[in-house]
Amino acid sequence: MSLIEQAAKRLEELRRAGATQRDDAPAEAPREPLPTPEALVRALEARREANDGVAGPAAAQTPPLRVAPAGEAPLLRPAREVAKAPARTTRHVDVDLERLKTLGFVTPDAPQTQLAEEFRVVKRPILRNVRGTDGASVPHGNLVMVTSAVAGEGKTFTAVNLAISMAMEYDNTVLLVDGDVAHPSLPRLFGVPESPGLLDLLTDERLDVADALVRTNIEKLTVLPAGTPHRRSTELLASEQMAALLSELSSRYPDRVIIFDSPPLLSTTEARVLASHMGQVLVVVAAQSTSHDKVTKALDTIERCEVVMTLLNKSSAANAGAYRY
Ligand SMILES: Nc1ncnc2c1ncn2[C@@H]1O[C@H](COP(=O)(O)OP(=O)(O)OP(=O)(O)O)[C@@H](O)[C@H]1O
Ligand SMILES: [Mg+2]
């Protein structure tokens, strides 16, 4: 008789003995129900296979093991979970592209619109700096911050459109980061969960970058949500952890363009610190609304970034609502 059969037999004997005793035994705390011998045998077999490191064909066909009677919490964790740490699986979200199109964004199924054409022009110099095709390559050129002087100038509109446009027509992957952590936009626009995200990566050292990424149905576009709100959300953007994360992102994904939707430069000092770690900064300027003085002040706050570009948004000069670069 094998060890497993002996264990099952012994268990059956114990169960019978327990049933007899219960009739006249004094009341005691309720016990956890014993698993059936069949369930125990299956669990032992599965655990032996897992310990051997090879799951046999029977195990491959067996549904996840439950050792407790149906409807009750399992007494033992399934053997495969015990044997291995859970695998990291990057989350995935299906972005509602029709809705995005209605909101005025570039979408992969409409590559010929005027907006798509304008973003081709906007992204070209940025990509040249990422690839270093203009001679000297830009340090951390794949880190691109999209910001503005004040709120509401079109940072999110620009960052999202740039990211989609690059993902559509660029050989490499694009990572869009919801870096305006006090006012995250990606949950609303893309339907991604807010966390785990950027702030969690900054506050929880056990998290790996891959744990916070979300793949999308837009090929080559991955997003990093803002993360769990923190009382020092914006301050964290200027932390040493953020500088280390940016360096890790830039070197771990050197062929990936990383676009940060960021807070406005004149509203928070953290945005200025963030800018100093970027390879490229794109300052969105809302035409006919942001004063020349504010734009100048905003540009003056950017130190230590070699490539600073401006994008005139919402210009009505020739085409209402269109971009002029
Ligand atoms: N060129 C444009 N054409 C049409 N609509 C635009 C354009 N730029 C921005 N918008 C719209 O203007 C509004 C504000 O833009 P957006 O949210 O991108 O600004 P923001 O700078 O990210 O604002 P906040 O600082 O509040 O995060 C949005 O409704 C956006 O869709
Ligand atoms: Mg925004």
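The values are calculated or read from the model by the stated rules, or taken from the named source; none is laboratory data. Given the structure is predicted, the values throughout are model-derived calculations rather than measurements. Backbone-built Cβ (ideal geometry, glycine too); neighbour counts: all protein chains shown.
Annotation for segment 138-146: at least one member residue is assigned by TED's automatic domain parsing to the domain that holds Leu311, more than 23 Å from the chain's Cα centre (by Cα), within 20 Å of Gly279 (Cβ to Cβ) and in a loop (DSSP other than H, G, I, E, B). Flag set for Leu176, criterion: within 13 Å of ligand 2 (Cβ to nearest atom) and not charged (D, E, K, R). The residues of segment 145-158 that are touching a strand residue (DSSP E or B) at 6+ places or on another chain (Cβ under 6 Å) and within 8 Å of ligand 1 (Cβ to nearest atom), listed by number, are Ser148, Glu153, Gly154, Lys155, Thr156, Thr158. The set of residues in segment 277-296 that are surrounded by 15 or more Cβ atoms within 10 Å (Cβ to Cβ) and either not in a strand (DSSP E or B) or not assigned by TED's automatic domain parsing to the domain that holds Leu246 (or both) comprises His277, Met278, Gly279, Ala287, Thr290, Lys294, Val295. Screening Val214, Val223 for residues that are farther than 25 Å from Ser148 by Cα and buried (at least 16 other Cβ atoms within 10 Å of the Cβ) leaves exactly one candidate, Val214. In segment 166-222, counting only helices (runs of 4 or more DSSP H) that sit wholly within it, the ones holding 1 or more residues that are away from ligand 1 (no atom under 16 Å from the Cβ) and either within 18 Å of Ala243 (Cβ to Cβ) or out of contact with any Ser or Thr (no Cβ under 9 Å at 6 or more places or on another chain) (or both) span 198-203, 209-212. For Ile258, state whether it is surrounded by 21 or more Cβ atoms within 10 Å (Cβ to Cβ) and of a type outside the set (Lys, Arg). Criteria met by Ile258. Of the set (1) farther than 25 Å from Glu118 by Cα; (2) crowded, with 22+ Cβ neighbours inside 10 Å; (3) away from ligand 1 (no atom under 16 Å from the Cβ), all apply to Asn142 but (1). All of (1) farther than 24 Å from Val295 by Cβ; (2) over 19 Å from the mean Cα position of the chain (by Cα) hold for Val174 with one exception: (2).
Checked against the criterion of being without any contact (Cβ under 8 Å) to a residue 40 or more places away in the chain and of a type in the set (Lys, Arg), the candidates Arg232, Arg252, Arg256 yield just one match: Arg232.
Take segment 95-118 and flag every residue that is within 16 Å of ligand 2 (Cβ to nearest atom) and either of a type in the set (A, V, I, L, M) or closer than 22 Å to Arg215 by Cβ (or both).
Answer for segment 95-118, where residues must be within 16 Å of ligand 2 (Cβ to nearest atom) and either of a type in the set (A, V, I, L, M) or closer than 22 Å to Arg215 by Cβ (or both): Leu100, Leu103, Phe105.
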